[in-house]
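The block underneath contains the structure these notes are about, expressed in C-alpha cells.
The values are calculated or read from the model by the stated rules, or taken from the named source; none is laboratory data. Just so we're clear, the structure is a prediction, and the values are computed from it rather than from any experiment. With ideal geometry, Cβ positions are generated from the backbone for all residues, glycine too; neighbour counts draw on all protein chains shown. Just the protein is used for accessible areas: all its heavy atoms, side chains included, with ligands, DNA and RNA removed. Shrake-Rupley method; radii C 1.70, N 1.55, O 1.52, S 1.80 Å.
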Amino acid sequence: MTTNKLRVGVIGCGAIAQRRHLPEYLARHDVEIVAVCDFSEERANQVKEQFGAKYAITSTEQLLALDEIDAVSVCTPNQYHAAVSIQAMKAGKHVLCEKPMATTIEEAREMVKAAEENGVYLMVGHNQRLMPVHQKAKEMLKLGKLGKVLTFATTFGHSGPENWSVDGAKSWFFNKDQAFVGAMGDLGVHKADLIAWLIDDPIAEVSALVGTLHKEIPIDDNAIFLLKTSGGSIGTLTASWSYYPNEVNSTILYCERGTMKIGADPVYGIVVEFADGVKEHIEIGKMQTNSGGGQTNSGVIDHFVEGILSGEGHEINGLEGLRALEVILAGVEAAKSGQIRKVSY
C-alpha cells in the first residue's frame, strides 16, 4: 500500500454489498472505496454515488487491473466466488470472499493455494463468530464451569432471500447454477462454522434431511443436519427459508453441568442455567438480523481491514472457510445417499 488507507474494490453490488460491506467500509476512516463492480451498469452507478466510490465498473478484469486497489470484497453469486477470488489474488489483491467460499472442495483448496502463492490474505465472511454474544459465550465456555458440551442445537432461519435481496423473487439465490444450494449454503454454512469454533471441536460426521417444503424453487428451503464432533458431542444444525414471520438465530448447548442458551431469549443474549439451580443472565447486544433493531456492524469488515493493516492476518481465513464448506458438502451427499458422511480436513 502506498497510502495510510486500505484502498478497496467491491465486486458484486447486491444486498450483502449494499447493506454490510459498503456501509461498514464507509464507516472506517482508514478505508477508501475506490471502485464498485456489477454486471448491471445502472446498479454499479447507483452504488458508486451512494457510497462515494471513485469508479463504477462492469468488468471484473478492469477493476482488478487498477493499481490503486489493495483489497477486494467478492460479493458475487456463489458460483463465481472461487474464480473471481483466485483472479483477484493473482492480481495481488487481498480478498474477503462471501460465504460459502466455493461450490466444491477443489475450488476452495485452489483459493487457499492462490493466497499462499501470491502472498496475500484470504478471509471468508463468516460473521457469526464475530458477534458479541458468541464471543462472550466462547469466553464463558473456556472457563470450564459448564463442563463438556454433550449435545447442541444451532438454528438459523428467516423468511427467505426474496424478502431482503435487491432482486426479490428473481434473486440469484433461487438459481441452482448460481447458488449451488439454498438455505444450507446461505444460512447453514454460518452455523457449521460457528458451532465448531464455539465449542472448539471440529465436525467429524454428518447426516442430513434436506428438502424444498414451501417455496416453488429448484433448491432447498429447509435443511436439518445431525452432526457429530471429533470429541464425540452430537447435535443438530437447522437452516430454513420458511421461518415466517420472524428470524431465528440461536444456539443451545447442553453441557455436563448445565445449559447455555444463546440468542434464545428476547432480552438476554446469553442465559446459563446450572445443574445446581443457579442462573446467569448476560445482556450483551443483539444478534445480527436482516430486520431493524439488530446488530448494525457485523464485525467482518473491521476484522478484514485490521488484519491487513496490522499484518497479522485473519482468524477466519481460507482454511476455516474450507472446513465449513466441507460440512455443507458432506450434508449434501448425506441427504442424497441417506448415509452418514465423514468430514476430513
In this structure, does Ser73 turn out to be buried (at least 19 other Cβ atoms within 10 Å of the Cβ) and part of a strand (DSSP E or B)? yes
Does the range 202-213 include one or more residues that are assigned to a loop (DSSP other than H, G, I, E, B) and open to solvent by less than 40 Å² (accessible area, probe 1.4 Å)? no
Restricting to the range 98-114, give me the number of residues that are in contact (Cβ under 8 Å) with a residue 40 or more places away in the chain and part of a helix (DSSP H, G or I). 5
Looking only at residues that are assigned to a helix (DSSP H, G or I) and in contact with a strand residue (DSSP E or B) (Cβ under 7 Å, 6 or more places away or on another chain) in the range 52-65, which one is most open to solvent (accessible area, probe 1.4 Å)? Thr60
Among all residue pairs at least 6 apart or on different chains, which show Cβ distances below 9 Å where the first residue, located in the range 332-344, is at positive phi and the second is among the small types (Gly, Ala, Ser) and in a strand (DSSP E or B)? Gly338/Ser207
So, in the range 103-153, how many residues would count as being surrounded by fewer than 22 Cβ atoms within 10 Å (Cβ to Cβ), touching a Gly at 6+ places or on another chain (Cβ under 6 Å) and β-branched (Val, Ile, Thr)? 2
I'd like the residue in the range 299-345 that is of a type in the set (Asp, Glu) and outside any helix (DSSP H, G or I) and, out of all such residues, is farthest from Cys97 (Cα to Cα). Glu312
Is there any pair linking a residue in the range 149-168 that is modelled with pLDDT under 95 to one that is open to solvent by 20 Å² or more (accessible area, probe 1.4 Å) and assigned to a loop (DSSP other than H, G, I, E, B), with Cβ under 9 Å and at least six apart or on different chains, and which? Asn163/Asn290; Trp164/Asn290; Trp164/Ser291
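Looking only at the range 150-173, decide whether some residue is farther than 30 Å from Tyr244 by Cβ and not aliphatic (A, V, I, L, M).
Scanning the range 150-173, I find no residue that is farther than 30 Å from Tyr244 by Cβ and not aliphatic (A, V, I, L, M), so the answer is no.
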All conditions in (1) open to solvent by less than 30 Å² (accessible area, probe 1.4 Å); (2) free of Cβ contacts under 8 Å to residues at least 12 places away in the same chain are true of Glu216 except (1)
When you scan the range 188-195, do you find a residue that is on the phi < 0 side of the Ramachandran plot, over 18 Å from the mean Cα position of the chain (by Cα) and outside any loop (DSSP other than H, G, I, E, B), even just one? no
Residues located in the range 219-263, provided they are closer than 25 Å to Asn163 by Cβ, hydrophobic (A, V, I, L, M, F, W, C) and either open to solvent by 60 Å² or more (accessible area, probe 1.4 Å) or not in a loop (DSSP other than H, G, I, E, B) (or both): Ala223, Ile224, Phe225, Leu237, Ala239, Val248, Ile262
How do the pairs read when you match residues in the range 115-129 that are touching a residue at least 60 places away in the same chain (Cβ under 8 Å) with residues anywhere that are buried (at least 24 other Cβ atoms within 10 Å of the Cβ) and basic (Lys, Arg), using Cβ under 8 Å and keeping only pairs 6 or more apart or on different chains? Val124/Lys99; Gly125/Lys99; His126/Lys99; Gln128/Lys191
Here is a list: Glu42, Glu32, Glu49. Which entry is open to solvent by 20 Å² or more (accessible area, probe 1.4 Å) and in a strand (DSSP E or B)? Glu32
All positions within the range 303-319 that are within 18 Å of His81 (Cα to Cα) and crowded, with 21+ Cβ neighbours inside 10 Å: Phe304, Ile316, Gly318
